[in-house]
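Below is one structure, written out as structure tokens; the observations come after it.
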Amino acid sequence: MDFDLPESAAAVREGVLAIAAKYDQEYWTRCDEDKRWPEEVWRELIAGGWHSLAVPEEYGGAGQGLLELVVALEALAEGGAGGAASFMYLLTPAFGGLTIARHGTGEQKREFLPRIASGELETCFAITEPDAGSNAINISTHARRDGDGFLVSGQKIWISGVERADFLVLVTRTIPAAEAKPRTNGFTVLLVDIKEAVAEGTLTYRPIPKLGTNVVASNMVFLDDVRVPAHRVLGQVDQGFAVMWDILNPERILAAASGVGFGELTLKIACEYARERAPFGKPIGTNQAVAFPLAKIKAQVDLARLMTYKAAWLWDRNRPCGSEANVAKLTAADAAWQAADRAFQTYGGMAYSMEYPVARMFRDARIAKNIPVAEELVLAHIAQHELGLPKSY
């Protein structure tokens with residue numbers, strides 16, 4: 001990588017790559033097959049402070065920003081974790097540390113951030129619903145006033161990490177969409193104590209069987225009058241739309257970083273095979289039909305990296321970054337998918353064997369084109385806001 005990073009981010013990259021180098025593809029394959037969180041890697045990230053980069057120094061973190069989280073996630077993915085890296089940097093470092101550092105009250109920062117920095121507390125995020133999907137405006141999970149707090153009822157879907165998290169960063173409606181004027185009013189973001197709600201029987205969840213990225217479960221979550229005290233509101237009641245987007249933009253930027261790192265890792269694996277495989281007396285990588293597609297993907301990965309860094313840089317400076325976040329996510333997800341597809345083609349029939357990591361990477365790469373936002377919605381946003389075309393949805 002030739003891009004000159006700030007000194008802080010360059011140090012992050014070096015530190016995370018050093019950890020990733022200890023774990024080979026057999027390790028990541030076993031974690032996926034056993035549906036097991038990469039606890040050994042996670043504990044090393046905690047021990048080195050690489051998970052709490054965005055937690056302010058006064059609360060035990062490194063006092064850095066989204067750019068450093070992006071570089072860490074990219075390095076972990078490139079170093080061997082592939083798609084698993086996105087969960088390891090989204091669930092707690094971003095959804096918890098980054099969000100609370102930016103939007104939490106003084107009391108919330110004192111309660112949560114030191115425990116995140118020490119590795120004692122983990123978080124996850126819930127916005128998606130079965131009947132709303134990518135249309136977050138139409139979510140119906142409702143938080144109604146009850147004394148000095150709220151009672152929350154509703155259903156969420158594709159919520160990753162509930163089974164291991166302590167707190168859920170939950171997007172709710174305190175004003176139904178049909179009554180809100182404008183419709184972006186009436187959102188309230190809450191910090192929900194998962195273990196307490198599970199013990200009370202008001203929160204239940206069920207894992208969804210899925211194709212890949214099985215190092216963490218993705219769940220259906222059911223909320224039935226979950227009690228949340230008023231001091232666990234993140235931001236302002238009814239004015240949580242800005243907080244929600246300040247979670248979604250970093251999510252897209254970090255998803256892009258995962259795609260960049262994933263693309264680099266997959267290209268490395270494909271190129272190693274192309275240099276070694278010689279069924280006709282010379283390496284298959286000498287054939288332009290093999291080499292040129294890989295070279296083109298390398299160019300796509302490098303371009304996606306630049307937009308990802310730009311989006312993170314803007315977010316860290318409180319500047320608008322929605323378009324950049326969308327473009328980064330779109331291009332990085334496509335580069336990762338193209339890399340996985342081309343790696344599969346480079347390996348030929350052997351790609352179908354579970355002895356090699358290509359099959360797992362092929363599975364894991366595909367979902368990035370759909371989450372955390374479908375590429376069709378990204379293209380619709382670009383068409384409307386960058387090209388001035390009529391709104392399509």
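The values are calculated or read from the model by the stated rules, or taken from the named source; none is laboratory data. Since the model is a prediction, treat every value here as computed from it, not as a measurement. Neighbour counts run over all protein chains shown; Cβ positions are idealised from the backbone, glycine included.
Of all residues in region 271-286, exactly one satisfies the criterion of being touching a Phe, Trp or Tyr at 6+ places or on another chain (Cβ under 9 Å) and not in a helix (DSSP H, G or I), namely Arg277. Within region 206-241, the set of residues being crowded, with 16+ Cβ neighbours inside 10 Å, closer than 30 Å to Arg145 by Cβ and touching a helix residue (DSSP H, G or I) at 6+ places or on another chain (Cβ under 7 Å) comprises Val226, Leu234, Gly235. In the condition set (1) of a type in the set (Phe, Trp, Tyr); (2) at pLDDT 95 or above; (3) not in a helix (DSSP H, G or I), Trp42 is compliant with all but (3).
Restricting region 153-206 to residues that are among the hydroxyl-bearing types (Ser, Thr, Tyr) and more than 15 Å from Asp224 (Cα to Cα), the residue that is modelled with the lowest pLDDT is Thr184.
Of all the listed residues (Ala257, Ala328, Ala312, Ala270), the sole one being surrounded by 22 or more Cβ atoms within 10 Å (Cβ to Cβ), in contact with an Asp or Glu (Cβ under 6 Å, 6 or more places away or on another chain), under 25 Å from Ala84 (Cβ atoms) and among the aliphatic types (A, V, I, L, M) is Ala257. Scanning region 168-219 for residues that are farther than 24 Å from Asp32 by Cα and of a type in the set (Phe, Trp, Tyr) yields a single hit, Phe187. Of all the residues in region 237-270, those that are among the polar types (S, T, N, Q) and either part of a strand (DSSP E or B) or free of Cβ contacts under 8 Å to residues at least 40 places away in the same chain (or both) number 1. What do you reckon, is Ala368 part of a helix (DSSP H, G or I) and either basic (Lys, Arg) or farther than 15 Å from Glu251 by Cα (or both)? Criteria not met by Ala368. Going by the structure shown, is Val228 more than 21 Å from the chain's Cα centre (by Cα) and in a helix (DSSP H, G or I)? It is false that Val228 is more than 21 Å from the chain's Cα centre (by Cα) and in a helix (DSSP H, G or I).
Considering each residue of region 80-87 in turn, at least one proves to be closer than 22 Å to Val189 by Cα and either outside the structural domain of Asp166 (by TED's automatic domain parsing) or part of a helix (DSSP H, G or I) (or both). Regarding region 280-290, can at least one residue be identified that is farther than 20 Å from Gly263 by Cα and under 20 Å from the mean Cα position of the chain (by Cα)? No, region 280-290 contains no residue that is farther than 20 Å from Gly263 by Cα and under 20 Å from the mean Cα position of the chain (by Cα). Residues that are buried (at least 24 other Cβ atoms within 10 Å of the Cβ) and closer than 19 Å to Pro38 by Cβ were ranked within region 95-125; the one that is farthest from the chain's Cα centre (by Cα) is Ile116.
List every residue pair whose Cβ atoms lie under 8 Å apart, where the two residues are 6 or more positions apart in sequence or sit on different chains, the first residue falls within region 21-43 and is outside the structural domain of Gly261 (by TED's automatic domain parsing) and over 22 Å from Pro207 (Cβ atoms), and the second residue, located anywhere, is of a type outside the set (Phe, Trp, Tyr) and part of a loop (DSSP other than H, G, I, E, B). Close Cβ pairs satisfying both conditions: Tyr23/Pro38; Gln25/Pro357; Tyr27/Pro38; Arg43/Gly119. Out of Ala9, Ala84, one residue alone is surrounded by 22 or more Cβ atoms within 10 Å (Cβ to Cβ) and out of contact with any Ser or Thr (no Cβ under 8 Å at 6 or more places or on another chain). It is Ala9. For region 350-382, a residue qualifies if it is of a type in the set (Gly, Ala, Ser) and either surrounded by fewer than 13 Cβ atoms within 10 Å (Cβ to Cβ) or assigned by TED's automatic domain parsing to the domain that holds Asp24 (or both), and exactly one does: Ser353.
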